[in-house]
Each structure stands twice: as C-alpha cells, then as structure tokens.
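> What follows is a single structure, and I will ask about it in a moment.
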Amino acid sequence: LGRRDMLPLGTTFEIIKPNGSGEVKAFGTVKSVQQDRAELRITGLKDRFDPVLPGDMIRNDLYSPEMKHNIFLMGRFSYPYTKPIVTRILETLGNEVASELGPGVDLIILGQDTINAEGSGFVPLAETDEFKQAQFLRVEMAPLSKVRQYLRLSGEMTSAR
C-alpha cells in the first residue's frame, strides 16, 4: 500500500500472523508513504521471538484501499474521542461520515448511551429509535472500543501535522 492507494500518514494497522488464526502480533503505524509502499513504525510486539516478517497480514477495519465506508456515529462521544475528532480521523482515512442514518450507511460506530429528553439521565442506545432503525436496515455496528485502536494512533498522527 502507498500513495496510489491514498494511504494517509498515521494509519494504524494490526499485524496478523499469516496462519489464519487472526492472532495479532503487533501494531504498525504509517510513518512515511511512497507511491507504491509505506514504512511502518512497529509497536506493541506481543512476542519478541516472533518478530514482524514478510508475509504477515495487516488489518484496519476503518481503512480499505478498494472501498470507502459511509459511517454514522451513534450516541454520545466524549473526550478524547468527540464526534468532531472521530469524524476528522475517519475522513482522513478516506471514509465518509454521514450526518444521519439512512440506507447508504454501511457501518455504525456506537458511542455511549444518549441523554434523555429531560436531561436527567441516560437512555440505552439499544432503546433508541436510531438503533432500532439500524437493526431494521441491517447495518454493521461496532462499539467505539472495537475501533479505538485505529482512531487513537491515527488521531495522534493527524493532529501532529
């Protein structure tokens, strides 16, 4: 992957063992990009006797060179992952962030429960009309905790520019 794939600096990938187990070996963050390749900074190596090698696989649920996701942010998002910050990071990765839930949305990132109409408490996301609509539309949903690893390091690099 490289500039031709519109790979942004700061994109974070999980580095996966190639044996099909899906086991994460380490994380790699893009620190430089050339036309047809990129240089990664390796962090979080799980086993020093199992280093990152050619043939290892990479994964990032929010970046795909072949496809742009249309993502909707549902619920409350608080610092450091506020909606504007998460939106900026997602757009930097080449995604579109929808302002409302509709048929074009293919991924929903779930934040925290919403505040009730009186402002005195919270309504669980699963009880909101938006959540029920998402289930009806059969849109894939991912809690913020599942994608946070991609946002954290990508965001650090994005804000440093």
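The values are calculated or read from the model by the stated rules, or taken from the named source; none is laboratory data. As the structure is a prediction and not an experimental result, all values here were calculated from the model. We place every Cβ from the backbone using ideal geometry, glycine too, and count neighbours over all the protein chains shown. Protein only, heavy atoms only, side chains kept; ligands, DNA and RNA dropped before computing areas. Shrake-Rupley method; radii C 1.70, N 1.55, O 1.52, S 1.80 Å.
> Rounded to the nearest 5, what % of the DSSP beta bridges within the chain are antiparallel ones?
Counting only bridges with both partners in the chain, antiparallel ones make up about 60 percent.
> Then there's this: To the nearest 0.05, how large is the calculated FRET efficiency for M141 and L53 if R₀ is 35 Å and r is the Cβ-Cβ distance? Working shown, then result.
Values: r = 34 Å, r/R0 = 0.98.
Efficiency for this residue pair is about 0.55.
> Okay, which of segment 84-101 sit inside 18 Å, backbone N to the point 7 Å along the Cα-Cβ direction of T128?
What the label zone holds, given the 18 Å backbone N cut-off, is 84-88, 97-101.
> In addition: HN-Hα J couplings of segment 89-104 from phi, Karplus 6.51/-1.76/1.60, θ = phi - 60°, integer Hz, Gly and Pro as x?
Along segment 89-104, the couplings run 5, 4, 5, 4, 7, x, 8, 9, 10, 7, 7, 8, 6, x, x, x Hz.
> If each residue of separation counts as 0.36 nm, what is the full-extension length gain between K17 and Y79 once their alpha-carbon separation is subtracted?
Roughly 19.0 nm would be gained on extension.
> Right, next: For segment 1-158, with all protein chains present and a 1.4 Å probe, just round the carbon and sulfur fraction of the accessible area to a whole percent.
Carbon and sulfur atoms account for 52 percent of the accessible area of segment 1-158.
> Here is a follow-up. Relative to the present Cα-Cα distance, how much length would full extension add between E118 and D61 at 0.36 nm per residue of separation?
Computed gain between E118 and D61 is 16.9 nm.
> Could you let me know the centre-to-centre spacing of segment 122-153 and segment 27-98, using Cα atoms, in angstrom?
For segment 122-153 versus segment 27-98, the Cα centre distance is 19 Å.
> Given an 8 Å cut-off on Cα distances and at least 6 residues of separation, report the relative contact order of the chain as a percent.
Over the chain, the number comes to 23 percent.
> Over the chain, average the accessible area per residue using a 1.4 Å probe and give it in Å², no decimals.
So the chain comes to 59 Å² accessible per residue, rounded to a whole number.
> Using the charge dipole of the chain (Lys, Arg: +1 at Cβ; Asp, Glu: -1 at Cβ; taken about the Cα centre), state which of A134, I115, P80 has its Cα farthest towards the positive end.
Checked the options; the winner is P80.
> Enumerate by residue number the chymotrypsin sites (Phe, Trp or Tyr not before Pro) in segment 1-100 meeting two conditions: DSSP loop (anything except H, G, I, E, B), and at most 11 other Cβ atoms within 10 Å of the site's Cβ.
F49
> Tell me which label goes with the value of volume of the Cα convex hull per residue in Å³ computed from the coordinates here: (1) 114; (2) 174; (3) 137.
Among (1) 114; (2) 174; (3) 137, the one derived from this structure is (3).
> Could you give the dipole magnitude of the chain about its Cα centre, charging the beta-carbon of Lys and Arg +1 and that of Asp and Glu -1, in debye to the nearest 20?
Charge dipole of the chain: 620 debye, to the nearest 20.
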